[in-house]
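A.B. asks: Below you will find the structure I want to go over with you.
The values are calculated or read from the model by the stated rules, or taken from the named source; none is laboratory data. Since this is a predicted model, take the numbers as computed values, not measurements. FYI the Cβ positions are ideal-geometry reconstructions off the backbone, even for glycines, and counts take in every protein chain you see.
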Amino acid sequence: MSTEIERIKEIIKVKGMNKSQFMKDLGYSHVAFLKWEKGAKIGEKTLKLIEMQYNINPNWLRTGQGSMFLSDDKKESTASNADKDLLAFPKEKDKYDYVEIPAYLDIKASAGTGAFVGMEVSEMVQVSKKLIKNAYGLVILAVSGDSMEPAILNKDKIIIDTNDKYTLKKNKIYVIRKDNELYIKRYNDCNNNMCIFTSDNTKYPSIILDKDDNSAIIGRLKGIFMREIN
């Protein structure tokens with residue numbers, strides 16, 4: 001029976017890609033692919049990311065049983081609310097037609113303890129218009145900590161839509177400000193002026209925002225721009 005890495009190579013072949021492009025589209029380094037080829041374990045989070053990016057049948061990817069791809073309706077039914085945010089970006093790129101998004105990579109959207117919020121832009125990142133047609137209100141932030149695993153990992157670079165914050169959507173992920181620090185959490189509920197945001201990792205407490213104190217919704221998660229793996 002074929003291995004997971006051999007099935008990944010099949011995906012690359014069917015998609016008409018090369019290994020470097022495949023890994024770049026996942027937000028990974030090509031070095032990780034070389035490690036997989038040498039026998040390094042492919043983590044469950046990585047397998048799920050491949051499934052979501054390319055509409056791959058989870059059973060086929062792990063066992064080789066069934067068809068390679070899911071139908072669109074099956075893909076929708078198997079994606080949880082927590083995972084749907086990660087489906088935000090198609091990956092076909094056009095380097096000649098892009099928009100620019102400001103990246104605040106020194107500002108941590110904390111997924112653990114709080115981090116001090118500065119305002120200086122680290123760089124302007126070019127993103128293909130095939131991925132994002134309108135960059136107005138979008139920013140890239142770096143994540144610090146593991147409180148939102150498995151949806152968001154430590155050191156992920158995420159895109160936040162600062163325009164999408166006025167109507168909160170239950171179970172969606174937001175960057176919020178409390179006491180001049182940023183956090184990335186999942187919206188749970190509001191009661192009067194109190195809004196509850198929870199962590200996916202249960203060892204971390206919830207955060208309550210009081211609309212009357214120094215707190216605010218910064219924006220909603222648009223997608224993961226880049227992910228590092230060990």
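A.B. asks: Of all residues in region 37-57, which are modelled with pLDDT of 85 or more, outside any loop (DSSP other than H, G, I, E, B), surrounded by fewer than 18 Cβ atoms within 10 Å (Cβ to Cβ) and under 22 Å from the mean Cα position of the chain (by Cα)?
C.D. replies: Of everything in region 37-57, just one residue is modelled with pLDDT of 85 or more, outside any loop (DSSP other than H, G, I, E, B), surrounded by fewer than 18 Cβ atoms within 10 Å (Cβ to Cβ) and under 22 Å from the mean Cα position of the chain (by Cα), namely L47.
A.B. asks: Tell me, which residue of region 16-36 that is over 21 Å from V127 (Cα atoms) and loosely packed, with under 14 Cβ neighbours inside 10 Å is modelled with the lowest pLDDT?
C.D. replies: This residue is G16.
A.B. asks: Inside region 8-32, can you point out the residues that are touching a residue at least 24 places away in the same chain (Cβ under 8 Å) and either outside the structural domain of N55 (by TED's automatic domain parsing) or more than 16 Å from Y54 (Cα to Cα) (or both)? Write out each step before concluding.
C.D. replies: At the first step, the residues of region 8-32 found to be touching a residue at least 24 places away in the same chain (Cβ under 8 Å) are 8, 10-11, 14-15, 25-29, 32.
If the condition is that a residue be touching a residue at least 24 places away in the same chain (Cβ under 8 Å) and either outside the structural domain of N55 (by TED's automatic domain parsing) or more than 16 Å from Y54 (Cα to Cα) (or both), then S29, A32 are the ones that fit.
A.B. asks: Looking only at region 172-212, which residues are closer than 22 Å to I107 by Cα and either touching a helix residue (DSSP H, G or I) at 6+ places or on another chain (Cβ under 8 Å) or of a type in the set (D, E, K, R) (or both)?
C.D. replies: Hits for region 172-212 are K172, I173, R177, K178, D179, E181, K185, R186, D200.
A.B. asks: Mind telling me which of the residues L168, L182, L141 ends up being assigned to a loop (DSSP other than H, G, I, E, B) and either aliphatic (A, V, I, L, M) or in contact (Cβ under 8 Å) with a residue 60 or more places away in the chain (or both)?
C.D. replies: Just one listed residue meets the conditions, L168.
A.B. asks: Right, here's the next one. If I filter region 66-73 for residues that are over 30 Å from S147 (Cα atoms), among the acidic types (D, E) and at pLDDT below 85, do I get at least one hit?
C.D. replies: Yes, because at least one residue in region 66-73 is over 30 Å from S147 (Cα atoms), among the acidic types (D, E) and at pLDDT below 85.
A.B. asks: Hey, does region 62-73 have a residue that's among the aromatic types (F, W, Y), crowded, with 18+ Cβ neighbours inside 10 Å, in contact (Cβ under 8 Å) with a residue 12 or more places away in the chain and at negative phi?
C.D. replies: To start, the set of residues in region 62-73 that are among the aromatic types (F, W, Y) comprises 69.
Remaining after also requiring crowded, with 18+ Cβ neighbours inside 10 Å: none.
The answer is no, given that none of the residues of region 62-73 is among the aromatic types (F, W, Y), crowded, with 18+ Cβ neighbours inside 10 Å, in contact (Cβ under 8 Å) with a residue 12 or more places away in the chain and at negative phi.
A.B. asks: Right, I11: modelled with pLDDT of 85 or more and assigned to a loop (DSSP other than H, G, I, E, B) or not? Quick ask: steps written out before the conclusion?
C.D. replies: On the way: modelled with pLDDT of 85 or more: yes; assigned to a loop (DSSP other than H, G, I, E, B): no.
Against the criterion (modelled with pLDDT of 85 or more and assigned to a loop (DSSP other than H, G, I, E, B)), I11 does not qualify.
A.B. asks: Please count how many residues of region 119-165 are crowded, with 17+ Cβ neighbours inside 10 Å, more than 20 Å from L49 (Cα to Cα) and not hydrophobic (A, V, I, L, M, F, W, C).
C.D. replies: 4
A.B. asks: Can you name every residue in region 188-212 that is in a loop (DSSP other than H, G, I, E, B), in contact with a strand residue (DSSP E or B) (Cβ under 8 Å, 6 or more places away or on another chain) and loosely packed, with under 15 Cβ neighbours inside 10 Å?
C.D. replies: Correct list: N193, S206, K211.
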